[in-house]
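Please read the structure below before turning to the comments.
The values are calculated or read from the model by the stated rules, or taken from the named source; none is laboratory data. Being a predicted model, the structure only gives us computed values, none of them experimental. Cβ sites come from the backbone with ideal geometry, for glycine too, and all protein chains shown count toward neighbours.
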Amino acid sequence: MSDLFTLFISALIINNVILTKFLGMCPLLGVSTKSSSAIGMGLAVIFVIFGSSVFTYLLYYSVLVPMSLEYMDLITFILVIAAFVQFVEMVLKKYSMGLYKALGIYLPLITTNCVVLYVTLDNIIKGFNFVEMCVYSLAVPAGFMLIMYIFATIRERLELANVPNAFKGNPIALIVVAIMAAIFTSFAGLV
Amino acid sequence: MEAALYIAVLGAIYGVFYYLNHITPKPAGCEELTAACNGCSLGSCGNHPSQNFELKETVK
Amino acid sequence: MNKLANYGLNLLKENPVFGLYLGICSTLAITTNLNNALGMGVSVIAILTVSNIVISAMRKIIPDEIRIPVYIVIIATLVKSVELLIKAYAPALDTALGVFIPLIVVNCIILGRAEAFANQNGVLASALDGINMGIAYTLSLAAMSAIRQILATGILSMANPFTDEIIFSINLIGSDYVIPMMKEPIGAFLTFAFLAAGVQAIRTYEADKALKEVK
């Protein structure tokens, strides 16, 4: 049990996917201008990553490995992620208007997100068993949502600050991310 | 050869889900949603300027 | 000479990495030394050109609604072939780049150019555009990794990826004055922010100059 807890904490804040692995930068700079949209995007990413991780894991170990088609993993994972996103959007449209309003619009954005493909590939590379895979694929997008939310709140304040012309917009945002990365390295000795 | 068959099956599953998604209508009141983003560089997102959508108002 | 200067200026103004913020995930992660940057850059040039050619050749027969998944499957096939080639012939590059070779599939540059250019223009124009964008990307990566490598280790070096022998190794800063922070994520973000600010400064200067000429 403590191994799972270590895995969870290390994927959530110590080896955070944005600050140490640099993935998910495109939505970070694009969607994080309002904190409510950051939460919507974060929840959508958690949902999609968890679902598609489970499906791709099962598909890899029950179909690809017995048929020795491991080189097909990239195409398989992409098609499964795309199909899963379409399925989730359809289910949300039919059964939950509230959820669709909150996160349905971000779903097509997630199909080509680096983080989704990274988690599905990493589950295979690191050789997790099923429970470890579930914990990992919940912790990584939770870390993503945490950083996006913090960053969105900072960015809302940054709009009102007096930034030099050359730094307005994305460059000053990247300096904020640099400071956050330096702060989060202080968690390195936590577990 | 089984690789091509395998991709075809996966592509067919994607096609089925895409079609089902396409024909379910959006819930009432959700016609004019748009993400409150300033257009990041992901070109395949539905909100990107290259996708030729008409301007919609943001949902409060 | 003027044409070359023009080309260089265009490279700065329409830079895909620092101006349009495409493909920044891989830029930040792998630019710790010059070898990785050049290896990644060459792979991206190859994949971008071939995918532009293929998508442009097939642009009339792909239906409009499902074009994104079709493009992604085409790009995924190319990326997997390049990954297997790199694993076979340049294993040092494979260990250095790691999971970022498969992640070229979702690199915004390749999909973005396919969307914006290749599905509306002919095969030759798309191929040239692919090579152009790839060269701009490689030069940006090389600039950033040169800065980071010199500041972090004081040595600018390059090794042959196929045989692991060192091509050149220049010691520019004494080892007492290096800044190891540049190898860490914070160094990556800071270098990127300053280079992006530089490009944005050039752009606003040009925009102000154009505005003054209109008045």
Answer residue from region A:147-191, given it is among the aromatic types (F, W, Y) and more than 13 Å from C:A193 (Cβ to Cβ) and is modelled with the lowest pLDDT among those: A:F187
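Would a scan of region A:7-23 turn up a residue that is assigned to a loop (DSSP other than H, G, I, E, B), in contact with a Cys (Cβ under 6 Å, 6 or more places away or on another chain) and under 30 Å from A:A181 (Cα atoms)?
Within region A:7-23 (the criterion being assigned to a loop (DSSP other than H, G, I, E, B), in contact with a Cys (Cβ under 6 Å, 6 or more places away or on another chain) and under 30 Å from A:A181 (Cα atoms)), the answer is yes, since at least one residue qualifies.
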Checking the structure you have, find out if any residue of region C:82-98 is in contact with a Lys or Arg (Cβ under 9 Å, 6 or more places away or on another chain), part of a helix (DSSP H, G or I) and free of Cβ contacts under 8 Å to residues at least 40 places away in the same chain. yes
Under 7 Å between Cβ atoms, which residue pairs at least 6 apart in sequence (or on different chains) link something in region B:3-22 that is more than 13 Å from A:A83 (Cβ to Cβ) with a partner that is of a type in the set (A, V, I, L, M) and not in a helix (DSSP H, G or I)? B:A3/A:L69; B:Y6/A:L69
Return the residues of region A:103-146 that are within 14 Å of chain B (Cβ to nearest Cβ) and either modelled with pLDDT of 95 or more or not in a helix (DSSP H, G or I) (or both); say none if nothing qualifies. A:T111, A:T112, A:N113
Does C:V105 count as over 18 Å from the mean Cα position of the chain (by Cα), crowded, with 18+ Cβ neighbours inside 10 Å and free of Cβ contacts under 8 Å to residues at least 40 places away in the same chain? no
Search result, residues across region B:2-22 that are out of contact with any helix residue (DSSP H, G or I) (no Cβ under 9 Å at 6 or more places or on another chain) and at pLDDT below 85: B:E2, B:A4
Condition first: touching a Ser or Thr at 6+ places or on another chain (Cβ under 9 Å) and either away from every other protein chain (no Cβ under 13 Å) or of a type in the set (S, T, Y) (or both). Now tell me which residues in region C:60-82 satisfy that. C:Y71
In region A:115-124, is there at least one residue being among the charged types (D, E, K, R) and surrounded by 19 or more Cβ atoms within 10 Å (Cβ to Cβ)? yes
